[in-house]
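Where a number appears in this text, it was derived from the coordinates with a stated rule and is not lab data. Just so it is clear, the model here is predicted, and its values are computed rather than measured.
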Amino acid sequence: MPAAQDSEVLNRLTELCERASSGTGIEVLEVQLRGAGKARLLRVYIDKTGGVTHGDCELISVKFGTLLDEEDVLPDDSYTLEVSSPGAERKLSTVRDFERVLGQKVRLTLRESVDGAKSYEGKLSGVAGDTLEIESLPGQMVRIPLAKVQKANLKFEWKS
């Protein structure tokens, strides 16, 4: 399948999945289409306030699966549909991703150093435009332009 056609299919799949989640309080974070033929995998990452349950995954799987059957977006293709949460240490890339985890601990790897360091770990205390504010040590704030972030993940912390 040519790249442009593949992109159109992915956009249509994303649109249908968002329609399936409408009114549920569940947000579609990402839709991926991998492989081909019988090995084709349609993977959907979802999230919601308070965390994702197995029931949430099942709900979106059933609703999205029904829409896929009705709309025939992947004609004559067999595929496996997988719906899950992005995980405790999910990747972060967009301003929206960072706004969603404001106040939580993050880990960043930078393309170029900021204040002499190429990696930071700390509490995300602010997102202003395209700049992140990280409390790397208590009371020590570092401002990092999003454009300098090469890789970012939520950092899972056990709470007792």
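With 27 Å as the limit, the listed pairs Lys48/Lys118; Lys48/Lys155; Lys63/Lys105; Lys48/Lys105 have Lys48/Lys118; Lys63/Lys105 beyond it between alpha carbons.
What's the percent breakdown of Cα-Cα distances in region 37-118 across 10 Å bins, shortest bin first? Percent of pairs per bin, in order: 14, 34, 27, 17, 8, 1.
Sorting the Cα pairs of region 95-154 by distance into bins of 10 Å, from 0 upward, gives 25, 65, 10 percent per bin. Per-residue extension of 0.36 nm, minus the Cα-Cα distance of Glu121 and Leu74, leaves a gain of 12.7 nm for this segment.
You can think of it this way: the chain between Lys151 and Thr66 has 27.1 nm of extra reach, that is 0.36 nm per residue less the Cα-Cα gap. Considering region 3-84 at the alpha-carbon level, its Rg and Dmax are found to be 12.3, 38 Å. Over the chain, DSSP H runs of length four or greater, each weighted -39,500 (n - 2.57), average out per residue to a 222 nm ellipticity of -8500 deg cm²/dmol. The base-10 log of I(q)/I(0) for the chain, evaluated at q = 0.10, 0.12, 0.13, 0.15 Å⁻¹, reads -0.47, -0.64, -0.73, -0.88 [Debye formula, identical scatterers on Cα atoms, solvent excluded].
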